[in-house]
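Worksheet for the structure shown next.
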Amino acid sequence: MTFIEYQNDSRRTCPTIGHVSLWTKFKHLFVKDDNFHTSLDIAHMVLGINSEINELQDALTVRDDVNLSEEIADVHWYISNLCRFRGYDYDTMSSTFSQVYNRIGYNTASLVLIMYREVSLLQDVVKKDIAYGKQVKGEVEHLSKLCWALQMLADRKNISIYSKQYLSLHI
């Protein structure tokens, strides 16, 4: 299975949270426009990445490799759908930093710290976009570093992120 095939399959299990019940409940807070639904979905994906990185850290702490594979798959699912909502090419992004960063030795803890930092910076960019309408540079860079760190962690733990078994964990 390729990443593009995975991304298309993951669409089936990705709820669109910008749905009618949310709009009905909070319509007085927003001016309804075409970006309302997409903004909620993007926020959902970025928040999901953060919470799954926390679970990934927990799995590393207790040395639970089975759960670790599942958490890496969950982070991957959220990144995949964020890329879809934003129109980004995951394969291009994940290879952007490989040439530079792969030359430097990173241990597992360093990779998780990089993931925490990049998702935090990504949340700030998305917040400024959604809440203030500011187009802030850096989203692709933060997401690229996050993709790279996730791939490096998977490699360190001998998890093939393109194997059918791995990719089917979340779809």
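The values are calculated or read from the model by the stated rules, or taken from the named source; none is laboratory data. Being a predicted model, the structure only gives us computed values, none of them experimental. Glycine also receives a Cβ, built like all others from the backbone with ideal geometry; neighbour counts cover every protein chain displayed. What goes into the accessible areas is simple: the full protein's heavy atoms, side chains included, and nothing from ligands, DNA or RNA. Shrake-Rupley method; radii C 1.70, N 1.55, O 1.52, S 1.80 Å.
Tell me whether the range 158-168 contains one or more residues that are within 30 Å of Leu40 (Cβ to Cβ), among the small types (Gly, Ala, Ser) and modelled with pLDDT under 90.
The answer is yes; a qualifying residue exists.
Pairs only if they're at least six apart or on different chains, beta carbon under 8 angstrom, first in the range 43-66 and surrounded by fewer than 18 Cβ atoms within 10 Å (Cβ to Cβ), second not in a helix (DSSP H, G or I); list them, first residue then second.
Within 8 Å, the pairs are Asp65/Lys157.
Is it the case that some residue within the range 71-81 is open to solvent by 50 Å² or more (accessible area, probe 1.4 Å) and either at pLDDT below 90 or part of a helix (DSSP H, G or I) (or both)?
No; the residues of the range 71-81 include none that is open to solvent by 50 Å² or more (accessible area, probe 1.4 Å) and either at pLDDT below 90 or part of a helix (DSSP H, G or I) (or both).
Just checking, how many residues over the range 107-164 are farther than 16 Å from Leu60 by Cβ and part of a loop (DSSP other than H, G, I, E, B)?
Summing the residues that are farther than 16 Å from Leu60 by Cβ and part of a loop (DSSP other than H, G, I, E, B) in the range 107-164 gives 10.
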